[in-house]
């Protein structure tokens with residue numbers, strides 16, 4: 001698994017390792033084009049939903065972070081489309097943190113269909129800011145929860 005255009009080393013991680021969270025989603029008709037495949041930009045919505053559920057599984061919600069004046073805008077996203085998802089497919093969206101560093105938080109994600117076929121590989125890059133968009137350190141509680149889910153060299157504070 002390697003992006004030819006980006007050389008993202010994080011995707012060489014063993015996705016079977018502990019720390020990979022799985023979110024499930026049934027493809028709706030509204031997400032598809034007339035060609036019966038998921039429209040390319042809708043994958044960003046699926047990835048966002050899976051990241052939110054991943055955080056919820058850690059006992060942290062996006063809303064609680066926002067209320068504490070922490071937001072995590074996407075500053076870069078790499079998506080590699082491998083095969084299309086189609087109407088009524090049952091998708092598994094895998095999520096794992098790939099980088100936790102001061103104000104940076106990155107996630108590696110994969111989308112597989114009900115047959116286990118890999119459809120998409122992605123990585124999203126986030127920065128931690130206040131609501132007024134000033135960079136700020138990641139909340140210590142979140143760093144602690146994420147650190148245990150990553151390879152030791154991927155966390156730097």
FRET efficiency for residue 66 and residue 36 from the Cβ-Cβ distance with R0 = 30 Å, rounded to 0.05, comes out at 0.25
What do you get for Rg/Rh of the stretch 21-88 when both radii come from the Cα atoms and Rh is the Kirkwood radius? 1.04
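Considering Cα pairs under 8 angstrom that are at least six residues apart, work out the relative contact order of the stretch 24-157 and quote it in whole percent.
Contact order relative to length: 26 percent.
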Given the C-alpha centroids of the stretch 80-157 and the stretch 45-66, what is the distance between them in whole angstrom? 10 Å
Work out Dmax and Rg for the stretch 19-148 from the C-alpha atoms and quote the Rg first, both in angstrom. 15.3, 46
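Read the figures in this text as sums done on the coordinates, not as results from a lab. Only a predicted model underlies this, so the values are computations on that prediction, with no experimental measurement involved. So basically every Cβ, Gly included, is an ideal-geometry build from the backbone, and we count neighbours across all protein chains shown.
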